[in-house]
Amino acid sequence: MTERVRVAVLAGGPSPEHEVSLQSSQAVLDALPKDLYEPVTVIIDRQGRWPVELRRGLVDVVFPVLHGPFGEDGVVQGHLETLGIPYVGCGVLASAVAMNKVAMRRMFLAEDVPVTPYVWFTGHDWRGTVDHWGLVKSLDWPMYVKPAGMGSSIGISRVTSMEELRAGVDLALSYDRVVVVEQEVRAREVICGVLGGFDTPDVSVPGELIVPGDWLDYEAKYLSRVEIAMIPAALPERVAEEVRELALRAFRAIGGYGLSRVDFLYEEDAGRLYVLEINTMPGFTSRSVYARAWGASGVPYPELLRRLIDLAFARSGS
Ligand SMILES: Nc1ncnc2c1ncn2[C@@H]1O[C@H](COP(=O)(O)OP(=O)(O)O)[C@@H](O)[C@H]1O
Ligand SMILES: [Mg+2]
């Protein structure tokens, strides 16, 4: 047998999405074709401690199956850059931009990617005024209050009054010094997968998330351990095409590489699409909507893993 490629699968980490990462990484370990790859799991603990010091020569490539701050926001990516080890997925800048809901929206707006009406402010701004209404008055109720840099709906509240807004801002400020408040768009939730390099990435068929209740809170998303989705999404061909086109534009706007899942709000009556966010390491089990969207687009999960690892080597030129 020829030498197998040694893949370090990074899992866990100090973000609140530790558990979700353990599930995603286990799926990657199970599905990596063992004739080609020799996987090594590296479980980073909740304090951010690594069980082993990675270095060149020890492993050939790293698959950071980490969600949220630390693993998905450019920090680990920057560490791997300093070590000179090829890694799967977006680089430092794209990861950092995608994890910050203010930076992400600015990049989107500069490239004509439609986003929902929003405002942002810091904890200092909020505490420095009694006119809290003044900070959000350009928006209508209901609103979503979000910490700028989080994922998996952590720290997010849907609010319908000033009292709820205040509680929501306090919660969001416990996660980040910057808060984003968005106007609610009553819409269907659509996703689209992107896979490939900088220049000519591929897009999957769109999928639709079935949302139980008002919105996808953490519990609905992960604790039920299933993402309920329709793949492909039942959309008119014109809308599906626009989803795919906007997914590419969003990926390009952040300088994406490798993979991303672009999330949309589709306002059916008005026929309008908004990009809600781009996730550079979406939920990644074989049953995740990202993997299933690729399955329905002719790329089975093990093939998806192989392509991502090839892309990691292609970027590093090794
Ligand atoms: N402006 C909005 N209009 C309607 N629903 C929203 C809006 N913002 C967030 N939501 C709901 O909240 C969920 C989480 O929001 P999102 O911005 O994707 O945060 P996260 O990065 O934590 O996933 C969405 O999947 C959606 O159900
Ligand atoms: Mg989301």
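The values are calculated or read from the model by the stated rules, or taken from the named source; none is laboratory data. Computed from a prediction, not measured in an experiment: that's the story for all the values here. As a convention, Cβ positions derive from the backbone with ideal geometry for all residues, glycine included, and neighbour counts pool all protein chains shown. In case anyone asks, the SASA skips ligands and DNA or RNA and just uses the protein heavy atoms, side chains included. Shrake-Rupley method; radii C 1.70, N 1.55, O 1.52, S 1.80 Å.
Could you grab the pairs with beta carbons closer than 8 Å, sequence gap of 6+ or different chains, first residue in segment 114-130 and charged (D, E, K, R) and modelled with pLDDT of 95 or more, second one surrounded by 14 or more Cβ atoms within 10 Å (Cβ to Cβ) and part of a helix (DSSP H, G or I)? Matching pairs, first to second residue: D125/L135. Of all the listed residues (R166, R158, R186), the sole one being open to solvent by 40 Å² or more (accessible area, probe 1.4 Å) and in a strand (DSSP E or B) is R158. Screening G155 with (1) more than 11 Å from ligand 1 (Cβ to nearest atom); (2) touching a Leu at 6+ places or on another chain (Cβ under 7 Å); (3) not charged (D, E, K, R) gives one miss only, at (1). When you check Y87 against the structure, is it more than 16 Å from ligand 2 (Cβ to nearest atom) and among the hydroxyl-bearing types (S, T, Y), yes or no? Spelling it out, Y87 is indeed more than 16 Å from ligand 2 (Cβ to nearest atom) and among the hydroxyl-bearing types (S, T, Y). Looking only at segment 143-152, filter to residues that are open to solvent by 10 Å² or more (accessible area, probe 1.4 Å) and outside any loop (DSSP other than H, G, I, E, B); which one of those is nearest to ligand 1 (Cβ to nearest atom)? Of everything passing the filter in segment 143-152, Y144 is nearest to ligand 1 (Cβ to nearest atom). For segment 45-61, state whether one or more residues are within 18 Å of I154 (Cβ to Cβ) and crowded, with 18+ Cβ neighbours inside 10 Å. No, because not a single residue in segment 45-61 is within 18 Å of I154 (Cβ to Cβ) and crowded, with 18+ Cβ neighbours inside 10 Å.
Taken over segment 109-142, the criterion of being within 16 Å of ligand 2 (Cβ to nearest atom) and either in a loop (DSSP other than H, G, I, E, B) or β-branched (V, I, T) (or both) is satisfied by V113, V115, T116. Among the residues of segment 286-307, those that are over 13 Å from L195 (Cβ atoms) and open to solvent by less than 10 Å² (accessible area, probe 1.4 Å) comprise S288, V289.
In the condition set (1) open to solvent by 10 Å² or more (accessible area, probe 1.4 Å); (2) within 19 Å of P302 (Cα to Cα); (3) modelled with pLDDT under 95, H18 is compliant with all but (2). Residue by residue through segment 201-228, note down the ones that are modelled with pLDDT under 65, near ligand 1 (Cβ under 10 Å from one of its atoms) and of a type in the set (F, W, Y). Of everything in segment 201-228, just one residue is modelled with pLDDT under 65, near ligand 1 (Cβ under 10 Å from one of its atoms) and of a type in the set (F, W, Y), namely Y218.
From the list S95, S138, the one residue that fits, being out of contact with any Phe, Trp or Tyr (no Cβ under 8 Å at 6 or more places or on another chain) and either at pLDDT below 95 or open to solvent by less than 40 Å² (accessible area, probe 1.4 Å) (or both), is S95. Within segment 269-285, take every residue that is out of contact with any Leu (no Cβ under 9 Å at 6 or more places or on another chain) and part of a loop (DSSP other than H, G, I, E, B) and give me the one that is surrounded by the fewest Cβ atoms within 10 Å (Cβ to Cβ). Here the answer is D269. Being more than 20 Å from M104 (Cβ to Cβ), crowded, with 16+ Cβ neighbours inside 10 Å and more than 13 Å from ligand 1 (Cβ to nearest atom) is a property that holds for W126.
Residue pairs whose Cβ atoms lie under 8 Å apart, separated by 6 or more positions or on different chains, with the first residue in segment 302-316 and at pLDDT 95 or above and the second assigned to a helix (DSSP H, G or I), are P302/A31; L304/A291; L304/W294; L305/V28; L305/A31.
For segment 244-266, the count of residues that are open to solvent by 30 Å² or more (accessible area, probe 1.4 Å) and within 16 Å of ligand 1 (Cβ to nearest atom) is zero. Scanning segment 48-69 for residues that are touching a Leu at 6+ places or on another chain (Cβ under 8 Å) and not in a loop (DSSP other than H, G, I, E, B) yields R56, V62, F63, P64.
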